[in-house]
1. Viscosity 0.692 mPa s, temperature 37 °C: Stokes-Einstein D of segment B:131-266 from its Kirkwood Cα radius, in µm² per second?
2. Starting from the Cα of A:R273, step 7 Å along the direction of its Cβ; do the same at A:S57; then give the gap between the two resulting points in nm.
3. Taking 2.2 N^0.38 Å as the expected size of a compact globular protein, what ratio does the Cα radius of gyration of segment A:9-105 give against it, to two decimals?
4. Quick check: residue separation of B:E8 and B:S61 times 0.36 nm, minus the Cα distance between them. What number comes out in nm?
5. Hey, what do the phi angles of segment A:128-139 turn into as Karplus ³J(HN,Hα) couplings, whole Hz, using 6.51/-1.76/1.60 and θ = phi - 60°, x for Gly and Pro?
6. Which number comes out as Rg/Rh for the protein assembly as shown once both Rg and the Kirkwood Rh are worked out on C-alpha atoms?
7. Could you size up the charge dipole of chain A around its Cα centre, putting +1 on the beta carbon of Lys and Arg and -1 on that of Asp and Glu, and report it in debye to the nearest 20?
8. Compute for chain B: radius of gyration divided by Kirkwood radius, i.e. Rg/Rh, restricted to C-alpha atoms, rounded to two decimals.
Amino acid sequence: MSDATPAFAPLPRLRLTPAFLIGATLVGLHVVVGLLTLIWTPYDPTAMTGGRLAPPSLAHWAGTDRLGRDLFTEIMIGARIALSVGIGAVAIAAAIGVTVGLLAAFASRAVDDVLAATLDILIAFPTLLLAMLIVAASDGASLGTAILAIGIAASSIVARLTRILARRVLAMDYITAARVSGTGWLGIVRIHVLPNIWPTLIVNFALQFGLAVIAEASLSYLGLGAPPPNASWGRLLQEAQATVYTAPFGAIAPGIALVSLVIGLNLFADGLRDVADPTRRRR
Amino acid sequence: MADLLTIENLTIRHVGRPLVSDVSLSVAAGERVGLIGESGSGKSLTALAAIGLLPDGMTASGSIRLSDREVIGSADRDVAGLRGTAVATIFQEPLTALDPLMRIGKQIAEAVRRRAHRDGRSVDVQAEVLGLMVRVALPDPARLARAYPHEMSGGQRQRAAIAMALACRPSLLIADEPTTALDVTTQAEVLTLLETLVREENMGLLFISHDLPVVGTAVDRVVVLRAGEMVEQGPIAEVFGRPRHPYTLGLVEAARAFDQAIGAAL
C-alpha cells in the first residue's frame, strides 16, 4: 500500500561533516582575531618594537618587518581588513546581483535578453581587472573603494546565477499552482523563489567571500587597496617581496593567514549548503 | 444554473500554427466534465487558457468565460482575482507541484491565509490546515504537517496538493492528470476522494486525462480532443457506449481489448 505513512525519524538532524567543522573553525578563528584587534593587539601596529626583519621569537611570534614593527600584530589587523572587505563586497554583490537576477528572471523576453547579454559581457571581464578599473576611476585608493569595486565586479556573477536559478524555479508546477491560487509576483518571490534559490546562493556568497578576500589582497599588493598604514595582507606580501630571501617569514606568515581564511571559507561554503537545504540533510 | 466555465470556439496559436482549434465546452456547478485525448492533443493548454496562464508566445482567440468573466483579452490583473477563488488546479506530478523546501503544513497554510485574507475573515489557520488534511484523509495530520514533500509518498503528496486546492475553496476544480503519476491502488483512492469532495462541496470539476477507464469512473460528461480538435462530446455512457467518431471508437476498443486480455489472463 503506497499510501502508508513512511516511518521517518522525528526531525532529521544536521550532520556536521569534518570538512565543515574545519572550515568553520578556520573562519571562526579569523573572526575572533579580527574582532580582538578592535580592543587589543600585542603591540602598537605602527610602533617599532624590535630589530628590523627579526625572525620569529617568543616576543614577536611572526618576527618583525623591515621597519621593526611586529608582524603578528599586522597580520591580526589584516584579518579584520580582509573580513570587512569580504562582508562589504558580498553584501554589495548580493544586493545588486539578486535584484538584477530576479528582475531578469521575471522580465519579458526582450528585457531578459538585454540583461543577460550585459551580464555576460561584464562576466567576460576578469573580476580583478574590473575592480582595478573601478578603483582607478574613483578618487583614490581606500578601503571603501576597494569594497565597492570588488562588490560591483562580483555582482554580475551573482546576478547571472540568480537569474538561472530563479528561471528554473519559475518553471515548476508549484509556481503555476501558486499563480492559479492567486499569489502575486512579490508573494511568489518571497514564499517560493528566494527560499528555493537560497541554498545555492548562500554557497556562492561564501565562495565570493573567499574570492573577495583574494581580490582585496591582490589590489593591496598592487597598491590599489587600503593605503598604508592599513596592514592588509596584500600589502604585507608586497613589502616582504624585496626581502623574501633574507627574511622569508615576512611573506610566509601573511601567506598562511590568507590561504587559511580562503580554504576555511570554501570548506564552510560546502557545509552551508547542507544546512540551508533540508532535502540534503542526512538522517 | 449558470455555468462556472464556458469555453466557446477556443483556438490557441503558437507563431501562427494552431495548437488547439475551435474547442467548446462548459462546466456547471456539481458537474464533472472529462477532457480526454492523447499526449499533445491540447488538453492541458485548454486548461491553462481557461485560467489565463498560457505560456509566453501563445495566443488564444474565441471566448472563455470563467465565473461570468471573460478571460481572453482581459488584463492579467483582472483574471488574477478569479484565480484561487473561482478556480484551483491539481497537477499531474505532485512532487513538482509542491515546494520542495517548505513543510506541507506551511504550504497549505499559505493557501488558507490567502483565501481568508481575500474574504476579509480571520481564521484559525492551524486548525483549518489540520481540518483540510483530515478532509483529504492524510494520516496523522499533526505530524505530516511538519514533513517536507520528499518525506511523503506519492499518494500523500497528491492528497496534500488537493488539500491546497481545497483551501482556496474554489467553485471549479481543474485536475490535470491527477492520477497519472500514481500506482493503481492509490489512483482509485484519489479518484474516490475527488468524487466525494466535488459532490460535498458542489464544485465543478474539469478532469483532464488520457486514461479512458479513469475518466469513465470520474466524470459525467466527456469531451474528446485529438490533435487540438474536438472530435466528440456528450454524456459518458453515450460517448463510450456508442462512439460515433472513428478515433473515439479506436480508443474505446483499445481499452476494451485490454480489459478482455486481462479477463482472459485471470
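What follows is calculated from the coordinates using simple rules that are stated; it is not laboratory data. Since the model is a prediction, treat every value here as computed from it, not as a measurement. Backbone-built Cβ (ideal geometry, glycine too); neighbour counts: all protein chains shown.
1. Answer from the Stokes-Einstein relation: 197 µm²/s.
2. 4.9
3. 1.59
4. Working it through step by step, the gained length comes to 18.1 nm.
5. So the Karplus estimates, Gly and Pro as x, are 5, 5, 4, 4, 5, 4, 5, 4, 5, 7, 8, 4 Hz.
6. Using Cα coordinates only, the ratio equals 1.14.
7. 720
8. With Rg and the Kirkwood Rh in hand, the quotient comes to 0.98.
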